[in-house]
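Encoded as structure tokens, the structure appears first; notes follow it.
Only the coordinates and a few stated rules stand behind these numbers; no lab work does. Computed from a prediction, not measured in an experiment: that's the story for all the values here. Cβ sites come from the backbone with ideal geometry, for glycine too, and all protein chains shown count toward neighbours.
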């Protein structure tokens, strides 16, 4: 499940992409437009900075800008920056110790496929796609 932190991180990145217009975007402006607490955004922005998604500019006229163009920046990158891994179960995390039950686990295949589909889906959508509304829900 994607937490509030992940959802808000996407909103922050989309807001910056839509509003930077050649100059950094102030986090207080993002907070006001998105109706998200500035304090909460101040907890989210370091993970986006650390992941190299946003760059900060200090001083007068400072703020944040994207370091990757919206057409190249993927939703999956933003979610992983905010959430960490998107593994549905602990045994699929990168740093997980080998599971003693893996050889006999009847559900492991389900979780592996879920994990693969999640990454494939989120990594197929750019921030530009989201901004332009190029996301379709396909009800089968």
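Taking packing as the residue-averaged number of other Cβ atoms within 10 angstrom, the listed peptides 50-59, 100-109 run from highest to lowest as 50-59, 100-109. Relative to the dominant Cα principal axis of the chain, helix 108-122 is inclined by about 20°.
The angle between the Cα long axis of helix 4-19 and the longest principal axis of the Cα atoms of the chain comes to about 40 degrees, rounded to the nearest 10. The long axis of helix 38-50 is offset from the longest Cα principal axis of the chain by roughly 70 degrees.
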